[in-house]
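The values are calculated or read from the model by the stated rules, or taken from the named source; none is laboratory data. Bear in mind the structure is a predicted one, so any value in this text is a computation, not a measurement. Methodologically, a virtual Cβ is constructed for each residue, glycine included, from the backbone with ideal geometry; neighbour enumeration extends over all protein chains shown. For accessibility, only protein heavy atoms count, side chains too; no ligands or nucleic acids. Shrake-Rupley method; radii C 1.70, N 1.55, O 1.52, S 1.80 Å.
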Amino acid sequence: MENLFERTILIVDDEEINREILGTIIQEEYKVIYAENGKEALEKIHSGGSSISLVLLDLLMPVMDGNEVLKTMNKEGLITEMPVIVLTSEKSSEIESLKLGSADFLTKPYDLPEVILARVRHSIQLFENTKIIHATEFEKLTHLYTPEFFFEYASQIDYRSPNKVMDALAVNFTRFHLLNQLKGRNVGDKILKAMAEGIRKALEVTGGIAGRNESDSFYLYIPHRDNYDIILQKIKEALSSLLKPSEIRLRLGVYTDTYQKFAIIQRFDHAVHACNSLRSKTTGATDICIYDEQMSDKEVFDAKLLQNFEAAIEQKQFKVNYQPKFNIKSGKPVLCSAEALVSWEHPELGRVRPDLFIPLFEENGLVTKLDRYVWEESARQVKAWKEEFGKTLPVSVNVSRVDIAAPDMIDFITKIVKENGLTPADYMLEITESAYTADSKQIIEVVEKLRALGHKVEMDDFGSGYSSLNMLTSMPIDVLKMDKAFIRNIKPGNKEMKLVELVLNIAKNLEVPVVAEGVETEEELNMLKEAGCDIIQGYYFSKPIPPSEMARFL
């Protein structure tokens, strides 16, 4: 059977008898090729390439001697591609050849065949093992350390220098995935390679090591310093030939563990946490965040919320409150529906605001379970009001991007609506503007199915994201909700009010009613009413209230 892993050895010697002696010994286990001098050897190395597993190289030869071959292989980088064992009878030559990169030497006259074969096997095996390790040591695209080797070398730094204060740094490129989509994968790879080059330049100043964790995420482990601008500066310089300054958005998270009280991976978790805390910031082209005690407290707080989540669901610690919506088109505002909003009555922490736990649950994949809890509670409440007051108050519930991705989402909503004797019109769904823009194709498919069943779908938080006004013409929606930030500064005739009027006119032409949320004053109410807004929601009428307090409105 053919040996798919047969290795080739090049024997280089000007003496035919020496070539034959070595060839006879080695051909029992390897394929053998020959060269009479250094020039011919280099020609065969160039043509044979990676097929040559080892070179047996005589040092004293005409035309080109062995040392010249070694120097040329060094210059061309070939010495790292294949091991070389030198053949010499002069002991003094061995040191020079080892300095030039040879792996071993065989002295003339030659040792026993078993010894020669053992040395050949050892050199080839050692080289191949080193090559395998080297291939897994560095990440292919950026040539920085892979995570496994990075953490191993970082741990060795701690072991060898236990009193040296080191900083764990996490760097990434904000919204890299969007840049990748807009400019293409090839440009994205060039950006990552440039970031890696910038990091290498920074390490020349700071010292330390670097690795690529995943995608656009890089780790650095450097001696402690008080200023980290040099790192971002070098990365920006490396990116300047690929991107405009306005396109370069970097984030850097730092964690300093003076006494090495945390494991190395945990230190980088803290650095990543600091880096991610900059996610929502939009000021400045670059941002640096240093992990501090406040962030530590936040991590502990978040961990407690995650740990208590299941018990909170089982014990109904999550309370669903309702904020009424009023139709203001006629003379007197009329209650027309309500939005279901959740809060957490924690037995130890007290009332926990939704802005503290909802983003956390979205990040950790728990938001779907929470949303379905709210959906079920809301459907039961609509049924209870109907039985108590003899009338139906439609309720809208929030639907996240994660919810829409669930394959049984529509079936689940259909089931709870049917179980509580409601119609789809009684049960409205609010989907954020950012969800529409993030994955518009999937959103449109799901929304169209829900609308076909009879549900009204509201685009929530319009004006808080990045969509254009003409997006409204292509998105299937029944109601448009203007974000409270949209109307926060409206005054008669100012630019904020003119923008609100523009949105109201577009919605009117599309025959889509508009809900203004966050209305707090009578002046805002009157301006919105005069401009043609349909429905108002906000503290001017009521904050979110428990179901029992809705009686005064019903």
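Of everything listed in (1) more than 53 Å from the chain's Cα centre (by Cα); (2) within 20 Å of His122 (Cα to Cα), the single unmet condition for Ser50 is (1). Taking the stretch 338-374 as the search range and keeping residues that are at pLDDT 95 or above and touching an Asp or Glu at 6+ places or on another chain (Cβ under 9 Å), which one is farthest from Lys481 (Cα to Cα)? The selected residue is Lys369.
For the stretch 231-245, what are the residues that are among the hydrophobic types (A, V, I, L, M, F, W, C) and open to solvent by 30 Å² or more (accessible area, probe 1.4 Å)? Break it down into steps so the answer makes sense when it comes.
Of the stretch 231-245, the ones among the hydrophobic types (A, V, I, L, M, F, W, C) are 231-232, 235, 238-239, 242-243.
Listed by number, the list holds a single entry, Leu242.
In the stretch 343-357, the residues that are open to solvent by 30 Å² or more (accessible area, probe 1.4 Å) form Cβ pairs under 8 Å with partners that are of a type in the set (S, T, N, Q), at six or more places apart or across chains, as follows: Glu345/Gln317; Pro347/Gln317; Arg351/Ser343; Arg353/Ser343; Pro354/Ser343. Looking at the stretch 5-46 only, could you name the residues that are more than 12 Å from Met61 (Cα to Cα), in a loop (DSSP other than H, G, I, E, B) and open to solvent by less than 100 Å² (accessible area, probe 1.4 Å)? Selection gives Arg7, Glu29, Tyr30. Of all residue pairs spaced 6 or more apart or on separate chains, those with beta-carbon atoms under 7 Å, a first member in the stretch 528-544 that is touching a residue at least 12 places away in the same chain (Cβ under 8 Å) and a second member that is surrounded by 15 or more Cβ atoms within 10 Å (Cβ to Cβ) and among the aromatic types (Phe, Trp, Tyr) are Ile535/Phe326; Ile536/Phe326; Phe541/Phe326; Pro544/Tyr322. If the condition is being open to solvent by 80 Å² or more (accessible area, probe 1.4 Å) and in contact with a helix residue (DSSP H, G or I) (Cβ under 6 Å, 6 or more places away or on another chain), then the stretch 47-67 contributes only Val63.
Would you pick out the residues in the stretch 28-50 that are among the polar types (S, T, N, Q) and modelled with pLDDT of 90 or more? Spell out how you get there, then give the answer.
Quick first cut of the stretch 28-50, residues among the polar types (S, T, N, Q) only: 37, 47, 50.
Selection gives Asn37 alone.
Looking at Ile116, Ile133 in this structure, which one is outside any strand (DSSP E or B) and either touching a Gly at 6+ places or on another chain (Cβ under 7 Å) or farther than 30 Å from Ser215 by Cβ (or both)?
Values: Ile133 fails: either touching a Gly at 6+ places or on another chain (Cβ under 7 Å) or farther than 30 Å from Ser215 by Cβ (or both).
Just a single option satisfies the conditions, and that option is Ile116.
Answer yes if at least one residue in the stretch 115-124 is open to solvent by less than 40 Å² (accessible area, probe 1.4 Å), in contact with a helix residue (DSSP H, G or I) (Cβ under 8 Å, 6 or more places away or on another chain), of a type in the set (Gly, Ala, Ser) and farther than 30 Å from Phe218 by Cα, and no otherwise. No, the stretch 115-124 contains no residue that is open to solvent by less than 40 Å² (accessible area, probe 1.4 Å), in contact with a helix residue (DSSP H, G or I) (Cβ under 8 Å, 6 or more places away or on another chain), of a type in the set (Gly, Ala, Ser) and farther than 30 Å from Phe218 by Cα.
Residues in the stretch 496-554 that are open to solvent by 30 Å² or more (accessible area, probe 1.4 Å) and polar (S, T, N, Q) were compared, and the one that is nearest to Lys383 (Cα to Cα) is Ser548. Out of the stretch 310-332, which residues are in contact with a Phe, Trp or Tyr (Cβ under 7 Å, 6 or more places away or on another chain) and of a type outside the set (A, V, I, L, M)? Gln317, Phe318, Pro324, Phe326 - these are the residues of the stretch 310-332 that are in contact with a Phe, Trp or Tyr (Cβ under 7 Å, 6 or more places away or on another chain) and of a type outside the set (A, V, I, L, M).
Give Lys369, Lys332 a once-over and let me know the one that is surrounded by fewer than 17 Cβ atoms within 10 Å (Cβ to Cβ) and part of a loop (DSSP other than H, G, I, E, B). Break it down into steps so the answer makes sense when it comes.
Numbers: Lys369 fails: part of a loop (DSSP other than H, G, I, E, B).
Answer to the check: Lys332.
If you go through the stretch 163-211 and keep only what is part of a helix (DSSP H, G or I), under 27 Å from Tyr153 (Cα atoms), basic (Lys, Arg) and open to solvent by 80 Å² or more (accessible area, probe 1.4 Å), you end up with Lys190, Lys193, Lys201.
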